[in-house]
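All remarks here apply to the structure that follows.
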Amino acid sequence: MTPAFDELKNTIKSLPGFGYRSAERLALHLILEKPEKAESLVQLISKAVGTIKSCITCHNLSEEEECSICKDPSRNQSLLCVVERVSDLISIERSGSYRGLYHVLGGKLSPLQGVHPDSLNFSTLENRLKGNNIQEIILALSNDIEGEATCHYIQDNFLQQHPARLSRIAFGLPSGGGIHIADAQTLQSAINGRQGF
Ligand SMILES: [Zn+2]
């Protein structure tokens, strides 16, 4: 095609969820069929990148210092659900099965891939446990070796000083599957059926 088209297509292909064909289809759609949509997409991406940041408390998306969940007094302030990524938080929120607070770690421990405790949001987690009245920590992490290691790290490092109850969501998910791909009903039963760690 043209160098500019190839560059656009390859950039789309490098994004999560896009393969060669879907990237080509989107590039063609934006350029040939909906150029006005391409313009508005450029503006929306630019606005989002400029205004959305990480909540200083829980690391959710926010346009202010603290996100709408952290600032919502109607949420159960004694429950803290620990997730790997914002996409997991969004899935749990969408399921409508949880009304407590969250903490987004930013990933899971994986020494082989260079993800050590320093790379994750553990220091803000510790501050929250010190400062607040968290009575139960619900671990909603992946059902794989790294998720398991992250759960143990939290249990070993934070639960001695802060006697909160630790539970883990009951997995009806395939091994290695992430929270963000689970449907609402699966997540609801996983949270309701959480078990002590
Ligand atoms: Zn927050």
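Values quoted throughout were computed directly from the atomic coordinates according to the rules given, and no laboratory measurement underlies them. The structure presented is a predicted model; accordingly, all values stated were derived computationally and were not measured. Reconstructed Cβ throughout: ideal geometry from the backbone, glycine too, with neighbour counts over all protein chains shown.
Check Leu141: other-chain or 5+ apart residues with amide H under 5 Å from its amide H, H built from backbone geometry?
Ile169
What does region 74-196 give for Rg and for Dmax, in Å, if only its C-alpha atoms count?
Using the Cα atoms of region 74-196, the pair Rg, Dmax is 13.4, 41 Å.
From zero up to wherever the largest Cα-Cα distance of region 1-126 sits, split into 5 Å bins and tell me the percent of pairs in each.
2, 9, 13, 16, 14, 13, 13, 11, 6, 2, 0, 0
For q values of 0.12, 0.17, 0.19 Å⁻¹, compute log₁₀ I(q)/I(0) with the Debye formula on a Cα-only model of region 66-133, without solvent.
-0.35, -0.66, -0.80
Suppose the chain between Thr2 and Glu148 were pulled fully straight at 0.36 nm per residue; how much longer would it get relative to their current alpha carbon spacing?
Details: separation 146, 0.36 × 146 = 52.56 nm, distance 4.75 nm.
Contour length minus the Cα-Cα distance gives 47.8 nm.
For region 185-197, what does the Karplus curve 6.51 cos²θ - 1.76 cosθ + 1.60, with θ = phi - 60°, yield as ³J(HN,Hα) per residue in whole Hz, taken in order and with x for Gly and Pro?
Those phi angles translate into 5, 4, 5, 4, 6, 5, 6, 5, x, 4, 10, x, 8 Hz.
In debye to the nearest 20, how big a dipole does the chain give about its Cα centre with +1 on each Lys and Arg Cβ and -1 on each Asp and Glu Cβ? Before the final figure, lay out each step's value.
Values: 19 positive and 22 negative charges, 66 e Å.
Dipole about the Cα centre, nearest 20: 320 debye.
Between His162 and Ala48, what FRET efficiency comes out of the Förster formula 1/(1 + (r/R0)^6) with R0 = 41 Å and r the beta carbon distance, rounded to 0.05? Before the final figure, lay out each step's value.
Values: r = 35 Å, r/R0 = 0.86.
Taking R0 as 41 Å, the efficiency between Ala48 and His162 is 0.70.
Please check: in the Gaussian network model of the chain (C-alpha springs, under 10 Å), which one of Ser22, Ser68, Ser97 has the largest mean-square fluctuation.
Judging by the Gaussian network model, the answer is Ser22.
Return an integer: the convex hull volume of the alpha-carbon atoms of region 3-51, in Å³ per residue.
Value for region 3-51: 79 Å³ per residue.
Enter the Cα centre distance for the pair region 27-43 and region 45-70, rounded to the nearest angstrom.
Going from one Cα centre to the other spans 26 Å.
5 Å is the cut-off here: which amide hydrogens, built 1.01 Å from N in the peptide plane, fall below it relative to Val115, excluding neighbours closer than 5 in sequence?
Close amide H contacts, sequence-distant or interchain: Ser110.
Would you list which lysines come within 30 Å of Lys47, measuring only between C-alpha atoms, while excluding same-chain residues fewer than 8 positions from it?
Lys9, Lys13, Lys34, Lys37, Lys71, Lys108
Per DSSP H run of at least 4 residues, take -39500 (n - 2.57); add these up for the chain, divide by its residues and hand me the 222 nm value, nearest 500 deg cm²/dmol. Spell out each step's value before the answer.
Details: 7 runs with 80 residues, N = 197.
Roughly -12500 deg cm²/dmol at 222 nm, from the helical runs in the chain.
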